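Report on one structure; see the data block that follows.
Nothing in this text is a laboratory measurement; each read-out follows from the coordinates by a stated rule. Just so we're clear, the structure is a prediction, and the values are computed from it rather than from any experiment. Cβ placement follows ideal geometry from the backbone for every residue including glycine, while neighbour counts extend to all protein chains displayed.
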Amino acid sequence: MNEQWIYLDGQYVKKEDAVVSVYDHGFLYGDGVFEGIRMYDGNVFRLEEHVDRLYDSAKAIMLDIEVSKEEMCDIIVDTLKKNQLENAYIRVVISRGVGNLGLDPFSCKRPQLIVIAEQLALFPKELYESGIEIVSVASRRNRADVLSPKVKSLNYLNNILVKIEANLAGVSEALMMNDQGYVAEGSADNIFIVKKGKILTPPGYVGALEGITRNAIIELAEKSGFDIKEDVFTRHDVYTADEVFLTGTAAEVIAVVKVDGRVIGDGKPGSYTNQLLQEFRNTVTQDGRKVYKQNAQVG
Ligand code: PMP
């Protein structure tokens with residue numbers, strides 16, 4: 001096993017030595033932002049789009065990132081090279097940095113940038129073949145006008161409470177509604193439903209993160225000529241859908257075959273889900289930034 005190197009505040013340190021101060025406001029208050037990115041066969045999938053979302057999240061919480069977007073992309077790529085990775089999960093964390101015990105973020109002198117890249121632990125193949133079961137939970141999505149779910153912040157307690165409820169019910173993912181009862185998303189995935197050939201996913205204002213995988217699926221579906229749009233829907237629409245699937249950097253596209261005990265469609269991943277998963281997998285090694293430059297084409 002190769003040594004794992006973490007990018008921590010301008011230098012590479014060994015995993016065992018990669019520690020942050022107990023006065024870091026990311027630790028004390030969840031004050032910071034992050035991204036989860038994936039590299040497929042040396043291609044960082046939609047790197048720029050992830051970096052854009054990171055900077056938007058940082059702007060929303062008035063956190064000044066000290067490097068440019070281009071430098072951020074280079075740091076991520078260098079971290080992957082340093083760890084000699086081909087297929088990886090990448091976590092970029094920017095915390096408010098070290099301050100005093102008070103809440104005031106302006107007591108923090110400078111933000112702390114961390115990039116962790118590690119070999120990817122894939123979801124088991126069977127999950128894609130058989131689909132998963134989810135349950136709806138009592139915890140509601142943060143209201144978008146209180147703490148926007150578009151901000152990918154280090155404060156993930158809303159999602160963690162949802163995950164606990166799902167785990168207690170014996171499943172690994174949840175169906176989360178917003179305060180008005182409209183379906184928002186999972187604990188760490190976006191949701192899509194398919195009914196009579198129409199594909200729907202909740203719009204951002206309902207309380208969904210603008211997932212990079214979600215965006216890719218919308219584009220792929222449009223390219224295939226599918227009828228897809230953002231719209232609000234309720235649990236009833238999920239129960240009675242022909243297909244339900246979740247999307248996310250880790251999960252990719254995963255079928256949901258049971259929701260609150262109701263079997264979805266015929267209880268197996270449906271044809272739209274399977275086709276979109278296949279198309280997504282065809283694009284992930286192409287769409288993004290190549291880490292290891294290929295030999296220049298001759299002629
Ligand atoms: N919603 C939430 C709350 C998430 O944490 C994630 C994972 N980042 C997603 C949706 C899916 O987003 P993406 O496709 O960008 O991974």
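What to note about this one:
- Residue among Gly261, Tyr12, Thr201 farthest towards the positive dipole end of the chain, charges placed on Cβ: Gly261
- Over the chain, dividing the summed -39,500 (n - 2.57) contributions of all DSSP H runs of at least 4 residues by the number of residues returns a 222 nm mean residue ellipticity of -8000 deg cm²/dmol.
- The gain in end-to-end length when the Lys229 to Lys59 segment is fully stretched comes to 58.4 nm, 0.36 nm per residue minus the alpha carbon separation.
- Bridging of Lys198 to lysines at a Cα separation below 23 Å is possible for Lys223, Lys229, Lys258, Lys268, once same-chain residues fewer than 8 apart are set aside.
- The antiparallel fraction among DSSP beta bridges confined to the chain stands at about 80%.
- Centroid-to-centroid separation of region 117-163 and region 42-106 [C-alpha atoms, Å]: 20
- Scalar couplings 3J(HN,Hα) for region 163-179, obtained by applying the Karplus form with A = 6.51, B = -1.76, C = 1.60 to θ = phi - 60°, are 4, 4, 4, 5, 4, 5, 8, x, 10, 9, 9, 10, 9, 10, 9, 8, 5 Hz; x denotes Gly and Pro.
- Within region 230-299, trypsin sites (Lys or Arg not before Pro) in DSSP loop having at most 12 other beta-carbon neighbours inside 10 Å: Lys293
- The chymotrypsin sites (Phe, Trp or Tyr not before Pro) of region 2-76 that DSSP puts in a loop, and whose beta carbon has at most 14 other beta carbons within 10 Å, are Tyr23.
- In terms of other Cβ atoms within 10 Å, Met39, Met177, Met62 run from fewest to most in the order Met62, Met177, Met39.
- Each of Glu279, Glu230 was scored by other Cβ atoms within 10 Å of its Cβ. Arranged with the fewest first, they read Glu230, Glu279.
- Full extension of the chain segment joining Leu147 with Tyr29 gains 41.0 nm, where the gain is 0.36 nm per residue of separation less the Cα-Cα distance.
- Pairwise Lys count, region 5-119 - Cα closer than 27 Å, eight or more residues apart or different chains: 13
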